Structures are given as structure tokens and as C-alpha cells.
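The values are calculated or read from the model by the stated rules, or taken from the named source; none is laboratory data. The structure displayed is predicted, hence computed values, not measured ones. In this analysis, Cβ positions are derived from the backbone assuming ideal geometry, glycine residues included, and neighbour counts consider all displayed protein chains.
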Amino acid sequence: MNQPIKNIAVFTSGGDAPGMNAAVRAVVRTSIYYGKEIYGIYRGYEGMIDNDLVKLNARSVSNIIQRGGTILKSARSQEFRTAEGRRKAYENLQERKIDALVAVGGDGTFTGLHNFYKEYEMPVICIPGTIDNDLPGTDFTVGYDTATNTAVDAIDKIRDTALSHNRLFFIEVMGRDSGNIAINSGIAGGAVAIIIPEEETTIEQLIEKLDETARNNKKSSLVVVAEGGKSGNALEIAQQVQERYSYYETKVTILGHLQRGGAPTYFDRVLASKMGVAAVEGLLSDKTDMIVGIRNGQIVFNKFDDIMHRPPEIEAEALRIAKILAI
Ligand code: F6P
């Protein structure tokens, strides 16, 4: 049994995701509910190294459950990757008597905290917060539902104009290494093809598909491309297609960071709330070096070492469905 935890600190790190605020709120209020002191660290590991912390109370997190972004701000810290950076962070936490950490972020955040835990044995727990939904051990990450809905909303709007002009649109969504947003926004938006980093789609295969649907009387088409696609980004793919296939006039829309903003959906708010409560309750029942997840609607706790070496889970069944429906 570890020493009883008295002072917890929460931070958000890596790419911000809608619902991070709801997670912070849940961590803060659950900590207070259990009689603990709770601190917020600004700018993730950067703030930990710079001693940029503030004590929070239940009212500090009022009126944030519905807000996108993160009130604690976020960063991708290079310094925390070094032992020296982690040492500075530890000393700052020691000074404030912080004895447990809750991180909201993605795989880089988790790896940083895992290394920190191995060096300093401070109890730590992670909440998966990233729009990419690319973390093992959970069906959903906080922010993914909102970002995918944002992408679908944009795709629907592009469809209106694509149809009015008989055009082919390439719509680039986020996901450097992950096709999840592309797959599900592609299905929901009725894309003729979905190009993702996890699967090779050649330009020839794409043209064949476009040609087949044009012969089936399709007058306009939408192709959803994840930014990390193997054949290049949406602009590069569109250019290669246009050079070889002139049936459609071709346009490109890159959705970019607008997918990261906006009010979280009810799903992300509830997910973040459940995970935030679980993270604190987990810490208080001696769970450490763990990542909160949700599997079939149930909260689970995964040990970092048990899941982080696993390859990302790709939604093979969703891809199959998308192909059946794109005729
Ligand atoms: O990890 C989330 C994500 O939005 C990815 O989809 C995207 O590739 C990346 O972050 C962009 O990162 P940044 O905002 O640092 O450019």
C-alpha cells in the first residue's frame, strides 16, 4: 500500500481535444469529493517543468463542461523527453507536495508519464484525450466523437456544392497515423473512397473506383483522405488523379484544425466525465501507471506495459462496410 494521496495535480498534454475540459472538471470535482487538494498544471509537461501550477476548487471548473479546447492549455514538450526535464518537473511537484498526477492526452503523453513513474514512483494515471481515437485499450478517446461529427458536418456541406457542379472533391481530415476519423466520417458522409494511413490505396485503384461509379451514373463524388495517407496528402492525390482522369473537375478541401475545436458532443462530455471520476477513484484505490479506457460501455484500467506496445486497432469492419456501400 502506497502512502495515502493528499494532493493531486491534473494536466492536459499533446493535441487538444474537445472534452478535455469536461475531463479536467471531473478530475477536480472528484478529488474534492474525496477530500483531496487538487492543482491544475498549465501547458502540460512544459508547465510542470516551469512550475506553472494553480490550486483549483469546485468553482474553478464551473462553466467549462461545454467548452472546446482546454482551460489548462496544452503543449508537446521536448524537454520532458529528457531525464533532466523530468527531474525539474519532479522537484517542482515535490515543492508543492503533489503526490499523484492525472494526465489527459495521447500516446506521447502516456509515454512521458510512464517514464516519469518509473523514475520517481509517483502514482500516475492517464485519461485518453485525442481526436484520433488511436489508443489501444479503449473503444473511444475523448474528442473523437466531436471531431468526427465536425468532419461529417463539413462533408455534408461540401456535398451540396459538389452535387451542384458535378465535381469530385478530396476532403482531407486529421489523422497523421490513424484513419479512424476518415473511416467513420467517410461512411457517414457517403464517400466513394476512403484513404487511410493503415491501408495502401494506389492511384490506379482510386481511378478504377471513380470510373466504375461514373459508369453507374454518379455525377459527383467525395473522397475522404486521412492526412497521413500512403499515397500522399489530399492535394497530391487530387493532382495525380486529375492528370490521369478528367471526367470530373477536381477540388480539394483540407479541414485541418477546425476539427479540434468546438463544443464537445454529449458523448464526449459523458465519456470525459466517467473517465475523470474513474481516474481519481483509480488513484485512490492504488492504481498507478495505468490508462483509463472504455470497453463495451464499461470503464476499464489498462496497465501501460500491457497495452502500449500493441499496434493500433483499425476498424476493419467499418472499412468493409464503406466499400460495400460505395457503388
Ligand atoms: O493527435 C491529434 C492531431 O490532431 C492529429 O490528428 C494531427 O495529425 C496532429 O494532432 C496535428 O498536430 P499539431 O496541432 O501539433 O500540428
| request: For E172, work out the one condition from (1) of a type in the set (D, E, K, R); (2) outside any helix (DSSP H, G or I); (3) away from the ligand (no atom under 16 Å from the Cβ) it doesn't fulfil. | output: (3)
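Filter the stretch 191-213 down to the residues that are in a helix (DSSP H, G or I) and hydroxyl-bearing (S, T, Y) and list them by number.
Filtering the stretch 191-213 down to residues in a helix (DSSP H, G or I) leaves 203-213.
Hit for the stretch 191-213 is T213, nothing else.
If we keep just the residues of the stretch 175-188 that are away from the ligand (no atom under 11 Å from the Cβ) and under 13 Å from Q259 (Cβ atoms), which is surrounded by the fewest Cβ atoms within 10 Å (Cβ to Cβ)? So that I can check it myself, show each step before the final result.
Taking the stretch 175-188 as the starting set, the residues that turn out to be away from the ligand (no atom under 11 Å from the Cβ) are 183-188.
Next, only the ones that are under 13 Å from Q259 (Cβ atoms) stay: 184-185.
Details: N184: 23, S185: 28.
Residue satisfying both the conditions and the ranking: N184.
Of the residues G228, G276, G261, which is of a type outside the set (K, R) and in contact with a Lys or Arg (Cβ under 6 Å, 6 or more places away or on another chain)?
Just a single option satisfies the conditions, and that option is G228.
Can we say F116 is surrounded by 20 or more Cβ atoms within 10 Å (Cβ to Cβ) and touching a Lys or Arg at 6+ places or on another chain (Cβ under 6 Å)? Don't jump to the end; show me each part of the working.
Values: surrounded by 20 or more Cβ atoms within 10 Å (Cβ to Cβ): yes; touching a Lys or Arg at 6+ places or on another chain (Cβ under 6 Å): yes.
The answer is yes for F116.
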| Of residues in the stretch 250-271 being within 16 Å of the ligand (Cβ to nearest atom) and among the hydrophobic types (A, V, I, L, M, F, W, C), the one surrounded by the fewest Cβ atoms within 10 Å (Cβ to Cβ) | L258
| Filtered residues of the stretch 247-268 (kept if more than 21 Å from D107 (Cα to Cα), out of contact with any Phe, Trp or Tyr (no Cβ under 8 Å at 6 or more places or on another chain) and among the charged types (D, E, K, R)) | E249
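Where residues in the stretch 149-161 are surrounded by fewer than 24 Cβ atoms within 10 Å (Cβ to Cβ) and among the polar types (S, T, N, Q), which of them is nearest to the ligand (Cβ to nearest atom)?
So the first thing to find is which residues in the stretch 149-161 are surrounded by fewer than 24 Cβ atoms within 10 Å (Cβ to Cβ), and the list is 149, 152-161.
If we keep only those that are among the polar types (S, T, N, Q) as well, we get 149, 161.
Values: N149: 15, T161: 25 Å.
Among residues in the stretch 149-161 that are surrounded by fewer than 24 Cβ atoms within 10 Å (Cβ to Cβ) and among the polar types (S, T, N, Q), the one nearest to the ligand (Cβ to nearest atom) is N149.
Yes or no, residue by residue, for (1) in the same structural domain as V173 (by TED's automatic domain parsing); (2) in contact with a strand residue (DSSP E or B) (Cβ under 8 Å, 6 or more places away or on another chain); (3) away from the ligand (no atom under 16 Å from the Cβ):
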site	(1), (2), (3)
K88	no, no, yes
E91	no, no, yes
R96	no, yes, yes
G105	no, yes, no
M122	no, yes, yes
N133	no, no, no
P136	no, yes, no
| note | With the first residue restricted to the stretch 177-188 and required to be without any contact (Cβ under 8 Å) to a residue 60 or more places away in the chain, and the second required to be among the β-branched types (V, I, T) and within 10 Å of the ligand (Cβ to nearest atom), Cβ contacts under 7 Å at 6 or more apart or on different chains are A182/V173; S185/V173
| query | Does the stretch 214-222 include one or more residues that are surrounded by 17 or more Cβ atoms within 10 Å (Cβ to Cβ), away from the ligand (no atom under 16 Å from the Cβ) and in a strand (DSSP E or B)? | reply | yes
